[in-house]
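> Just passing along the structure, written as structure tokens.
The values are calculated or read from the model by the stated rules, or taken from the named source; none is laboratory data. Everything numeric in this text was worked out from a predicted model, so none of it was measured. Every residue, glycine among them, receives a Cβ derived from its backbone with ideal geometry; neighbour counts consider all protein chains shown. All accessible areas refer to the heavy atoms of the entire protein, side chains included, with ligands and DNA or RNA removed. Shrake-Rupley method; radii C 1.70, N 1.55, O 1.52, S 1.80 Å.
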Amino acid sequence: MKLNFRQPSLDGRIEVPGDKSISHRSIMFGALANGKTVIRHFLKGEDCLSTIDCFRKLGVEIEETDEEIIVHGTGWDGLKEPSAILDTGNSGTTTRLMLGILAGLPFHSVMIGDESIARRPMDRVTVPLTSMGADIAGRDNGRFTPLSIRGSKLKTIEYRLPVASAQVKSAIIFAALQAEGESVIIEPEATRDHTEKMIEQFGGIVRREEDRIIIKGGQSFKGTDVYVPGDISSAAFFMVAAAIAPGSEIVLENTGLNETRTGIVDVFKQMGADMTIEQTSFKGEEIGTITVRTSKLKGTEISGALIPRLIDEIPVIALLATQAEGDTIIRDAEELKVKETNRIDTVVDELKKLGADIEATDDGMIIRGKSKLHGGSVSSHGDHRIGMVMAIAALIADGEVELENPEAIAVSYPEFFEHVNQLIK
Ligand code: S3P
């Protein structure tokens, strides 16, 4: 795809699509609940459609209209042994969370994903689940897909997460909900808490005591209405676009502002961005309007507890940092290496091709600003977020950017280019 934007200003209001993490979980809890769940502003990206497809194979009736997704929940007991392989596509969230659900259900299932999923570590989930009594086999001792799961009776667990991962935490929560007694999960750093919030939305109970999450087994859920806020991880691309494109002002309506996800807002403040935020409502999750204008930015340091609160935004923050005065240093972000691609390598390699002064480190990167970006030939590497970073970089580049494999963007933001075109003045 040839991107020849000629350095436009950006202006206007958009509502980014529904949050990916919350959309996945709304299908999962909707299926596990008894009765009907109606989901509005659901993200119809490929990842979440994989979750719908898996639950249909487990016997759940799911209706799709333009406005709503309706899940006819079967309860835990109503899910059925699938007669086909569960294909999780490119979605780590689907693969890992489904493992926690399937581990305790009385039947056999097989899970497979795409080439990227086949490279992503699943032992971070299969190891704790196995210690709860799960029977999971897979390539390289259960480290990778394809995986085969024979549901069994599960025991409780007290588990300190070796990495700050909401996917691992959530998989264990789903398994703990099926065990008899109380399980405890201890987080090294707080990670996104959409699973915990949704347990409560569906009539269940979860306790948080400092870094400990306590889950009682044997809970059942009741179908409900879910509104999915706009995904701050998708909004991030336009927040950055507005901050770096001259003469711009963008308003992002109905964006999720859950504290475990707003690390990018903190970074915008640290870097001196011209931004205002107004909380507008609360529907299980905090929601608000974010306005960003062209900004004079300064470099910053991003590390520690901030990392899990912005892990998916680091690639686009790297682009932002190329337009800040001074150095930006990102540390403690090794987890980027096991995302859809090794995002330390892919973002550094691709931004360099457009003239960025950026260097990979063992646990992050160093970006030296401010650089003038030029045109060039780049690739998404099949990673939706890398594709969008490069498309936003193309907005400020002096010259044409040829983007290879832009289709990957449909994983989380099918309307991305429509929104880009709508915002160009
Ligand atoms: C997610 C958790 C994060 C994040 C991913 C979605 C979730 O992954 O990067 O995009 O929905 O729980 P990790 O749990 O691997 O950190």
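> Please state the equivalent ellipsoid semi-axes for region 298-425: what are the square roots of 5 times the Cα gyration tensor eigenvalues, largest first, in whole Å?
For region 298-425, the semi-axes come out at 22, 17, 13 Å.
> With respect to the cross-link table entries K169/K283; K20/K283; K269/K353; K296/K372; K44/K155, which display a Cα-Cα separation exceeding 25 Å? Provide the component values of the computation, followed by the final result.
Numbers: K169/K283 23 Å; K20/K283 16 Å; K269/K353 28 Å; K296/K372 15 Å; K44/K155 35 Å.
Listed pairs above 25 Å: K269/K353; K44/K155.
> Just to confirm, what accessible area per residue do you get for region 20-227 at 1.4 Å probe, in whole Å²?
Values: 8130 Å² over 208 residues.
I get 39 Å² per residue for region 20-227.
> Using only the Cα atoms, what convex hull volume per residue in Å³ does region 20-227 have?
101 Å³
> Please list, in order along region 202-208, the HN-Hα scalar couplings obtained from phi with the Karplus expression 6.51 cos²θ - 1.76 cosθ + 1.60 (θ = phi - 60°), rounded to whole Hz, x for Gly and Pro.
My calculation for region 202-208 gives 9, x, x, 10, 9, 10, 10 Hz in order.
> Compute a Gaussian network model of the chain, connecting alpha carbons closer than 10 Å, and tell me which residue from G288, G247, G151 fluctuates the most.
G247
> Sticking with this structure for a sec: So how compact is region 368-409: Cα radius of gyration and Dmax in angstrom?
Here Rg and the maximum Cα pair distance are 10.3, 30 Å.
> Taking a quarter of the surface of the convex hull around the Cα atoms of region 216-310, what do you get in nm²? Please report the intermediate quantities before stating the final value.
Details: hull surface 31.1 nm².
If I average the Cα hull's projected area over directions, I get 7.8 nm².
> Among T341, T291, T280, which one moves the most in a GNM of the chain with springs linking Cα atoms closer than 10 Å?
Highest fluctuation of the listed residues: T280.
> Have a look at V163, A305, V267 and report the one farthest towards the positive end of the charge dipole of the chain, computed about the Cα centre with Cβ charges (Lys/Arg +1, Asp/Glu -1).
The one lying farthest along the dipole's positive direction is V163.
> How large is the helix-only mean residue ellipticity at 222 nm for the chain, computed as the sum of -39500 (n - 2.57) over DSSP H runs with n ≥ 4, divided by its residue count, in deg cm²/dmol to the nearest 500?
-9000 deg cm²/dmol
> I would also like to ask the following. So who's got an amide H within less than 5 Å of the one on E402, skipping anything under 5 residues away but keeping other chains? H placed 1.01 Å off N, in plane.
L3, G376, S377, V378
> Roughly how many nanometres apart are two label points built 7 Å out from the Cα toward the Cβ at E158 and S377?
5.9 nm
> Show me, bin by bin at 20 Å from 0, the whole-percent P(r) of the chain based on Cα pairs.
28, 57, 15, 0
> What is the packing order of peptides 59-70, 186-197, taking the mean over residues of other C-beta atoms within 10 Å and listing the highest first?
Working: 59-70: 13.8, 186-197: 20.1.
Result, highest mean Cβ count within 10 Å first: 186-197, 59-70.
> Continuing with this model, one more query. Calculate what fraction, in whole %, of the accessible area of the chain sits on carbon and sulfur atoms when a 1.4 Å probe is rolled over the protein chains.
That share works out to 46 percent.
> When the C-alpha atoms of region 112-198 are aligned to their principal axes, what extent does each axis show, in angstrom, from largest down?
So the three principal-axis extents are 33, 28, 23 Å.
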